[in-house]
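This report concerns only the one structure given below.
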Amino acid sequence: MYTKPGTELPYLYQPKKLNLLMRFSYFKNVFIFILFLLPSLVIAQSGVNTNGSNGTAIPTAVPFLNISPDSRSGAMGDAGVAISPDVNANFWNPSKLAFLEDQNAVSLSYSPWLRNLVPDVSLSYLSYAHKIDDRNAIGASLRYFNLGTFQLVDASQNNQGVYRPSEFSIDFSFARKFGEGFSLGLTGRYIHSNLSNQSFSSGSSLQTQAGNAFAADVSLYYKKQMNEFGTDATFAFGTNISNIGTKISYSNGGTQYFLPTNLKIGAANTWDIDKYNEVTLTLDLNKLLVPTPPITDASGNIIQGVSDNVSVPAGIFGSFTDAPGGFKEELQEITFSPGIEYTYNKLFALRAGYFYENANQGGRQYVTLGVGLKYNDYSFDFSYLAASQQNSPLANTLRFSLSANFGSVK
């Protein structure tokens, strides 16, 4: 039994076939209703967040925004901010769109998610890019997170139908190239998170509602051709600060929660070994730019750390110095994503990577593998996440991506 922050409403989780229920009592009547996720976003009694991290992670709303959606980067340890541009740069680093070689590109990705816990959760991602000219490009994407189907019952266990919670975001990006190797990007985002069945909360002083928010990303990309170890090479660097936006609330007048504002920095080096063979090594670093909750006593007084009840700008700038454990804990909040990609004749690719998150800050640690195939203007990518069946709800996660490129840049 837990307590929903800001509302003091008790809730109990039992996912479908694990049966998810929530108790809510007001006046003299008692109702049992569904609320799949409270805004702290725990998906089950095990304390797993929807992005796969454990209960030690810094809490934010809508963590699905930072789940890697496509198979190429998903096979390289979730690294993608500095690798060669493709249409999924809409998520990783929109400034790379200015370096696309085709006038139009589209990609559709799908991933069954957290299937070790819930049978029908999934993430879908549709991405599109268009080169306006040699220097300018626009992009758009739709991300849809399906949280499954849940059976509703009343206090007498009578069937009250089913409920299908979901979340989605819609993005629009613009990228412009400055010179031959540098570009900047800007993204606007609308976020909708519908996690509660509002019909079961009528009459409450705090009405549950779908959460809505707006956010923006700012990004840059730099690449340079050079000669390394006697062969042609390309060094690239990228960074993307994503989800800078309004707080989100799930009730009228209730607690507002931070979006998962994230700083992503990455570098990649590609070697053209010969006419047919190419190897890329890459590394991404990530840090959430949201307040770290302080340590408090039973009365709510702060023992260590600082208050996390701050504005969005204060939360972003304070996120570098507010950890209760000091500088050591700040370093633990950084995740590492090294990856490698081997490409033959730009038609066949083998990929591998590793994702590391400190056990005190979410605990996600896994190996990723994947392949890519290209035929004419079409590409198919597949990735597999290998993790401990006992320790990770992300074990055996699959991702599938189908892409198409068409038209030459005018």
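Computed values, structure above
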{"read-out": "Packing-based order for 315-326, 360-371, using average beta carbon neighbours within 10 Å, highest first", "value": "360-371, 315-326"}
{"read-out": "Length-normalised contact order for segment 152-295 - Cα pairs under 8 Å, 6+ apart - percent", "value": "16 percent"}
{"read-out": "Residues S124 and Y344, FRET efficiency given R0 of 22 Å [Cβ-Cβ distance, rounded to 0.05]", "value": "0.15"}
{"read-out": "Full-extension gain in nm, N159 to L186, via 0.36 nm per residue minus C-alpha separation", "value": "5.0 nm"}
{"read-out": "L126, L350 arranged by Cβ crowding within 10 Å, fewest neighbours leading", "value": "L350, L126"}
{"read-out": "For segment 239-394: lysine pairs under 23 Å (alpha-carbon distance), excluding those fewer than 8 apart on one chain", "value": "8"}
{"read-out": "Ranked by how many other beta carbons lie within 10 Å on average, peptides 236-243, 377-384, 91-98, 301-308 from highest", "value": "91-98, 236-243, 377-384, 301-308"}
{"read-out": "Length-normalised contact order for segment 238-337 - Cα pairs under 8 Å, 6+ apart - percent", "value": "23 percent"}
{"read-out": "I303 paired with N376, simple spin-label distance in nm, labels 7 Å along Cα-to-beta-carbon", "value": "6.6 nm"}
{"read-out": "Peptides ranked, highest mean first, by Cβ atoms within 10 Å: ranges 279-290, 74-85", "value": "74-85, 279-290"}
{"read-out": "Local electrostatic count at Y342 - Lys and Arg +1, Asp and Glu -1, tallied over other residues with Cβ under 11 Å", "value": "-1"}
{"read-out": "T321-D133 pseudo-label distance in nm [points 7 Å out on the Cα-to-Cβ vector]", "value": "4.5 nm"}
{"read-out": "Relative exposure of S388, S107, judged by other C-beta atoms within 10 Å (fewest first)", "value": "S388, S107"}
{"read-out": "Burial ordering of Y250, Y354, fewest other beta-carbon atoms within 10 Å first", "value": "Y354, Y250"}
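Readers should treat all values here as calculations from the given coordinates under stated rules, not as data from a laboratory. Just so it is clear, the model here is predicted, and its values are computed rather than measured. With ideal geometry, Cβ positions are generated from the backbone for all residues, glycine too; neighbour counts draw on all protein chains shown.
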